[in-house]
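This report concerns only the one structure given below.
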Amino acid sequence: MYTVPKLADYSPEALKRAADELEAALNDQIRRVTNEDEWKSFRDRWLSRKNGILTRLNELWLKTAPPEARKEVGKCINRVRPFVEQRVEDQRLWMQAPTIEVVSPGIEVPAAELEQYARRIQLEKEKLDITLPGIPHPIGVKHPVLRVMDEIVAVFKAMGYSVGEGPEVETDYYNFESLNFPPNHPARDTQDTLFIAGQEGKPARDRLLLRTHTSPVQIRTMEQQPPPVRIVIPGKVHRNDPLDATHSPVFHQVEGLAVDTNITFCDLKGTLDHAMKALFGSSVKTRFYPSFFPFTEPSADMQVSCIFCGGKGCRKCKFSGWIELLGCGMVDPNVFDFVKQNGYDSSKVSGFAFGMGVERIAILKYEVEEIQLFYEGDVRFLEQFA
Ligand code: DAH
């Protein structure tokens with residue numbers, strides 16, 4: 001057991017020797033501390049205010065030192081004190097920590113030490129400079145195509161239309177046959193598209209393709225729901241069209257269908273005229289031009305008065321004063337025949353349908369020069385719509 005010796009010699013060498021002895025004693029005792037109780041008496045032995053070893057140092061070394069040696073003795077004690085305190089505290093951590101084996105078996109690093117390390121690394125990582133400017137996260141907006149699509153849908157919703165959707169991968173039956181495009185009919189050529197490979201074994205009507213228009217959802221709707229119906233169908237469509245300033249092989253349409261008793265061409269004209277005024281402003285005029293679609297009879301192309309020149313004639317409308325905007329017509333009785341069993345008897349009900357290109361309307365509304373701009377994702381273009 002260590003007891004603090006009295007000093008006879010106050011020379012630096014003697015002080016150093018005495019300090020070394022004290023340290024050796026401390027190390028020796030530490031090795032024998034293995035549990036909480038042992039640590040407590042160890043701590044008291046060294047740190048107790050009343051007669052712990054550090055207190056005894058003051059009494060036996062400092063107070064009795066001759067005045068000329070006081071300074072050196074004080075320095076020596078001031079080095080020894082924090083050292084002893086630290087070793088006592090370290091031993092507590094050491095004992096409390098479960099030991100973890102790391103690196104290789106046999107070398108044990110106390111968890112407390114690892115924990116301290118981890119904490120330091122964590123703090124380092126979490127260093128935060130609150131004076132730095134923040135990172136801006138611009139809020140996104142709806143893509144212009146989606147925005148226009150939603151706008152069109154909203155106009156019809158306000159007139160009491162419901163909203164439907166259909167599959168983009170469609171069968172020949174829904175995309176063509178039930179819309180009165182018989183197999184090998186030349187009207188199919190205008191709507192060439194991609195067919196899913198390896199379907200040669202299937203009957204023609206079951207073969208899958210990327211839908212060329214949203215019109216197949218007309219039949220799907222009438223199969224699901226007896227008349228009356230009023231529905232708009234937004235969606236994506238595909239065609240074998242080369243990309244140019246106004247055409248893209250993938251684009252969007254909004255389809256419309258209204259079926260009830262006594263629906264006439266006047267209803268079609270009134271509805272679409274109202275919709276165009278809602279979309280382009282109340283001064284816009286509409287006119288209907290004879291056209292052909294297999295699934296409507298009669299069929300029409302609807303034109304709006306040029307929204308750039310108001311109908312006077314300009315480069316945009318090719319000096320005609322009118323811009324062609326959508327296809328429409330009265331539902332062909334042959335189409336109703338495919339859903340006759342669900343209440344669509346062409347001698348009792350009639351209806352109109354229409355289909356419009358969303359990009360085409362967006363191009364006109366926002367005066368966009370190139371359809372590709374909608375698909376490139378360039379923020380310099382898109383942020384104009386923010
Ligand atoms: N489906 C036609 C197309 O993509 C557009 C169309 C024309 C839809 C007349 C209709 C309609 O519903 O009645 O070119």
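Where a number appears in this text, it was derived from the coordinates with a stated rule and is not lab data. Worth saying up front: this structure is predicted, and the values here are computed from it rather than measured. Cβ sites come from the backbone with ideal geometry, for glycine too, and all protein chains shown count toward neighbours.
Worth pointing out:
- Chain lengthening between Glu369 and Leu194 when straightened (0.36 nm per residue, less Cα-Cα): 60.2 nm
- Spin-label model, Cys266/Val379: points 7 Å from Cα along the beta carbon direction are separated by 5.5 nm.
- Look at the alpha carbon pairs under 8 Å that are at least 6 residues apart: their mean separation over the length of segment 1-101 gives a relative contact order of 33 percent.
- Other residues whose C-beta falls under 12 angstrom from the C-beta of Val80 contribute a net charge of +2, scoring Lys and Arg +1 and Asp and Glu -1.
- Qualifying lysines (Cα of each under 30 Å from Cα of Lys40; at least 8 residues distant if same chain): Lys6, Lys16, Lys50, Lys63, Lys75
- The charge dipole of segment 1-132, taken about its Cα centre with unit charges on the Cβ atoms of Lys, Arg (+1), Asp and Glu (-1) only, comes to about 640 debye.
- Per the Debye formula on identical point scatterers at the alpha carbon atoms of the chain, with no solvent, log10 I(q)/I(0) at q = 0.08, 0.11, 0.13 Å⁻¹ is -0.57, -0.88, -1.07.
- The length gained by stretching the chain between Gln116 and Arg70 to full extension, at 0.36 nm per residue less their Cα-Cα distance, is 12.7 nm.
- Theoretical FRET efficiency, 1/(1+(r/R0)^6), r = Cβ-Cβ of Arg287 and Ile135, R0 41 Å, to 0.05: 0.15
- Isolated cysteines of the chain, defined as having no other cysteine beta carbon under 4.7 Å away, are Cys76, Cys266, Cys328.
- Note on the chain: GNM, Cα springs under 10 Å; of Thr261, Thr221, Thr131, the largest mean-square fluctuation is that of Thr131.
- Among the trypsin sites (Lys or Arg not before Pro) within segment 1-76, those in coil by DSSP and having at most 12 neighbouring Cβ atoms inside 10 Å are Lys6, Arg31, Arg32, Arg49, Lys50, Lys63.
- Build a GNM of the chain with springs between Cα atoms under 10 Å apart, and of Ser215, Ser299, Ser11 the one that fluctuates most is Ser11.
- With 10 Å bins from 0: P(r) over segment 4-81, alpha-carbon pairs, percent: 18, 49, 25, 8, 0
- Based on C-alpha pairs under 8 angstrom that are at least 6 apart in sequence, the chain has a relative contact order of 13 percent.
- This model, with +1 at the C-beta of Lys and Arg and -1 at the C-beta of Asp and Glu, gives the chain a dipole about its Cα centre of some 1600 debye.
- Here, segment 298-386 yields an orientationally averaged convex hull projection of 8.9 nm² when only Cα atoms define the hull.
- With semi-axes defined as the square roots of five times the eigenvalues of the C-alpha gyration tensor, the equivalent ellipsoid of segment 1-134 measures 37, 22, 13 Å, largest first.
- For segment 207-298, the square roots of the Cα gyration tensor eigenvalues, ordered a ≥ b ≥ c, give a/c of at least 1.5 with a/b no greater than b/c, which places it in the oblate category.
- Cα lying deepest toward the dipole's positive end in the chain, options Ala25, Ser305, Gln199, charges on Cβ: Ala25
- Charge tally for Tyr173 (other residues, Cβ to Cβ under 12 Å; Lys, Arg +1; Asp, Glu -1): 0.
- Across the alpha-carbon set of segment 286-342, the Rg to Rh ratio works out to 1.23, Rh being the Kirkwood radius.
- Expressed as a whole percent, the proportion of Cα-Cα pairs in segment 83-229 lying more than 20 Å apart is 73%.
- The chain: angle of helix 265-280 to the longest principal axis, Cα-based, in degrees nearest 10: 40 degrees
- Here segment 153-282 is assigned +1 on the Cβ of each Lys and Arg and -1 on the Cβ of each Asp and Glu. Its dipole about the Cα centre then comes out at about 260 debye.
- FRET E, pair Ser162, Phe319, Förster distance 41 Å, beta-carbon r, rounded to 0.05: 0.50
- Furthest towards positive pole of dipole, Gly329, Ala8, Val148, structure part the chain, Cβ charges: Ala8
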